[in-house]
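Before any comments, here is the structure.
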Amino acid sequence: MFDINNLLRENIKRLVPYSSARDEYHGEARVFLDANENSFGSPLNQPYNRYPDPLQTEVKKRLSGIKGVPVPNIFLGNGSDEAIDVLFRSFCNPGIDNVILVPPTYGMYQVSANINDVEVKNIPLTEDYQLNLDGIAEAIDKNTKLIFICSPNNPTGNSIDRTDIETLLANFEGIVVVDEAYINFSRQKTFIQELTEYANLVVLQTLSKAWGLAGLRIGMAFASEEIIEVMNKVKPPYNINEASQQLALEALQNIERVNDWIKQTLVERDILVLNLKEFEFVLDIYPSDSNFILVKTNNARAIYNFLVAKGIIVRDRSKVELCEGCLRITVGTPTENLLLIKTLQDFNE
């Protein structure tokens, strides 16, 4: 049975969070003389002289309407990376606890674990890039606090079998983090719909991918109210700046435009796959539910270096376990994809 009190670090249970100026009053106010801000304004002629809403209430309201998740179940971070770090700092005792990762996967889980001095147990995916449930079960011990699953997975592009994730949620007494950064491109439905069924579920999403707001650094976590309360307690008080909040509100009014981009991306992905298959140095292209493809080649490093010399940057994943010989290629615009294909026609093995 999941009990958040069995997972929380003792110092986090006792933690009295920083109380910001904007937390200490309720209702409307006209004059702010509480936070030692510059009362005259900012050189940008925007209200950036004032500290932002520490809980990003208006952005969360807009997201609540889009995602169908109540505001108290939403956490916003400075990118999903902040949400990942906050989970480590909230639930993992340095030098004592451990987490389970399923490589190949997103690299920041490992980095954040290392920063927080938390042991990582790596249970590689199977040859077809699915969970090794038996291996995960054997690795779990009394100090295992978090399991991270990226689905659709980065760098492989495929979705993880839903029933396997549900098996972990039903049997693991810690927290299962499902990172859905690429869910907008997937045929699979989001795990957000399962929040009421699994108290130990945290779903990560982002505005960096399909929404095209990577420069604003806004990541989302969806979870039970008690997990979100802990995350808000641990995060810095003003983790999302005012400019990012206002720009996000504006962007979130353009759902139709984003959906059009998603459709175009999927069409371009299929065209890109067909064109890449024509090259003899391409050995395989793995099925993708994302806005990128994993391409197995006979000489990934040489191809990567050739493209860099031509001003085209892809990602060399050839040294990653289970991705030997592979390049990860983001689906670009039609012009960018065509340039990639024409450039590769000049590659000599």
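The values are calculated or read from the model by the stated rules, or taken from the named source; none is laboratory data. Because the structure is predicted, anything quoted here is derived from the model rather than measured. Positions of Cβ are generated from backbone atoms using ideal geometry, with glycine treated the same way; all protein chains shown enter the neighbour counts.
How many of the residues in region 254-271 are free of Cβ contacts under 8 Å to residues at least 60 places away in the same chain and either in contact with a Lys or Arg (Cβ under 6 Å, 6 or more places away or on another chain) or over 18 Å from residue 182 (Cα atoms) (or both)?
Adding up the residues that qualify gives 1.
Criterion first (assigned to a strand (DSSP E or B), touching a Gly at 6+ places or on another chain (Cβ under 7 Å) and crowded, with 16+ Cβ neighbours inside 10 Å) does residue 121 satisfy it?
Working: assigned to a strand (DSSP E or B): yes; touching a Gly at 6+ places or on another chain (Cβ under 7 Å): no; crowded, with 16+ Cβ neighbours inside 10 Å: yes.
Taking the combined requirement at face value, the residue does not satisfy it.
Would you point out the residue of region 286-304, among those that are of a type in the set (Ser, Thr, Tyr) and within 14 Å of residue 344 (Cβ to Cβ), that is surrounded by the most Cβ atoms within 10 Å (Cβ to Cβ)? Give the derivation first.
Keep residues of region 286-304 that are of a type in the set (Ser, Thr, Tyr), which gives 286, 288, 290, 297, 304.
Filter again for within 14 Å of residue 344 (Cβ to Cβ), leaving 297, 304.
Numbers: 297: 23, 304: 19.
In this case the residue turns out to be 297.
Can you find a residue in region 95-111 that is surrounded by 13 or more Cβ atoms within 10 Å (Cβ to Cβ), under 23 Å from residue 147 (Cβ atoms) and of a type in the set (Phe, Trp, Tyr)? Lay out the reasoning, then the answer.
Of region 95-111, the ones surrounded by 13 or more Cβ atoms within 10 Å (Cβ to Cβ) are 97-111.
Now restrict to residues that are under 23 Å from residue 147 (Cβ atoms): 97-111.
With of a type in the set (Phe, Trp, Tyr) added as a condition, the list becomes 106, 109.
Within region 95-111, one or more residues are surrounded by 13 or more Cβ atoms within 10 Å (Cβ to Cβ), under 23 Å from residue 147 (Cβ atoms) and of a type in the set (Phe, Trp, Tyr).
Identify all residues within region 201-222 that are under 18 Å from residue 292 (Cβ atoms) and either among the acidic types (Asp, Glu) or surrounded by 24 or more Cβ atoms within 10 Å (Cβ to Cβ) (or both); write none if there are none. Steps first, answer last, please.
Initial filter on region 201-222 (under 18 Å from residue 292 (Cβ atoms)): 204-214.
204, 205, 206, 207, listed by residue number.
Looking only at region 237-248, count how many residues are within 19 Å of the chain's Cα centre (by Cα) and either closer than 11 Å to residue 86 by Cα or of a type in the set (Ser, Thr, Tyr) (or both).
The qualifying residues number 1.
Taking the condition farther than 30 Å from residue 201 by Cβ, surrounded by 10 or more Cβ atoms within 10 Å (Cβ to Cβ) and at pLDDT 95 or above, does residue 48 pass? Steps first, answer last, please.
Working: farther than 30 Å from residue 201 by Cβ: yes; surrounded by 10 or more Cβ atoms within 10 Å (Cβ to Cβ): yes; at pLDDT 95 or above: yes.
Taking the combined requirement at face value, the residue satisfies it.
Where residues in region 1-31 are surrounded by 10 or more Cβ atoms within 10 Å (Cβ to Cβ) and among the hydrophobic types (A, V, I, L, M, F, W, C), which of them is farthest from residue 98 (Cα to Cα)?
29
From 307, 274, 249, which residue is of a type in the set (A, V, I, L, M, F, W, C), exposed (fewer than 14 other Cβ atoms within 10 Å of the Cβ) and either under 30 Å from residue 77 (Cα atoms) or assigned by TED's automatic domain parsing to the domain that holds residue 332 (or both)? Lay out the reasoning, then the answer.
Working: 307 fails: exposed (fewer than 14 other Cβ atoms within 10 Å of the Cβ); 249 fails: exposed (fewer than 14 other Cβ atoms within 10 Å of the Cβ).
Only one candidate passes the filter, namely 274.
Within region 57-79, is there a residue that is assigned to a helix (DSSP H, G or I), in contact with a helix residue (DSSP H, G or I) (Cβ under 9 Å, 6 or more places away or on another chain), over 22 Å from residue 177 (Cβ atoms) and touching a residue at least 60 places away in the same chain (Cβ under 8 Å)? Write out each step before concluding.
Step one: list which residues in region 57-79 are assigned to a helix (DSSP H, G or I), which gives 57-67, 71-73.
Next, only the ones that are in contact with a helix residue (DSSP H, G or I) (Cβ under 9 Å, 6 or more places away or on another chain) stay: 57-64, 66-67, 71-73.
In the following step, the residues that additionally are over 22 Å from residue 177 (Cβ atoms) were identified as 57-58, 61-62.
Subset that is touching a residue at least 60 places away in the same chain (Cβ under 8 Å): 58, 62.
Yes: one or more hits.
State whether one or more residues within region 103-116 are within 28 Å of residue 323 (Cβ to Cβ), in contact with a Pro (Cβ under 7 Å, 6 or more places away or on another chain) and free of Cβ contacts under 8 Å to residues at least 40 places away in the same chain. Walk me through it before giving the result.
Kept after step one, since they are within 28 Å of residue 323 (Cβ to Cβ), are these residues of region 103-116: 103-116.
Next cut, in contact with a Pro (Cβ under 7 Å, 6 or more places away or on another chain) only: 103-104, 116.
Now narrow it down to the ones that are free of Cβ contacts under 8 Å to residues at least 40 places away in the same chain: 116.
Checked region 103-116: at least one residue is within 28 Å of residue 323 (Cβ to Cβ), in contact with a Pro (Cβ under 7 Å, 6 or more places away or on another chain) and free of Cβ contacts under 8 Å to residues at least 40 places away in the same chain.
If you go through region 167-200, how many residues are touching a helix residue (DSSP H, G or I) at 6+ places or on another chain (Cβ under 6 Å), of a type in the set (A, V, I, L, M, F, W, C) and more than 30 Å from residue 250 (Cβ to Cβ)?
Count: 1.
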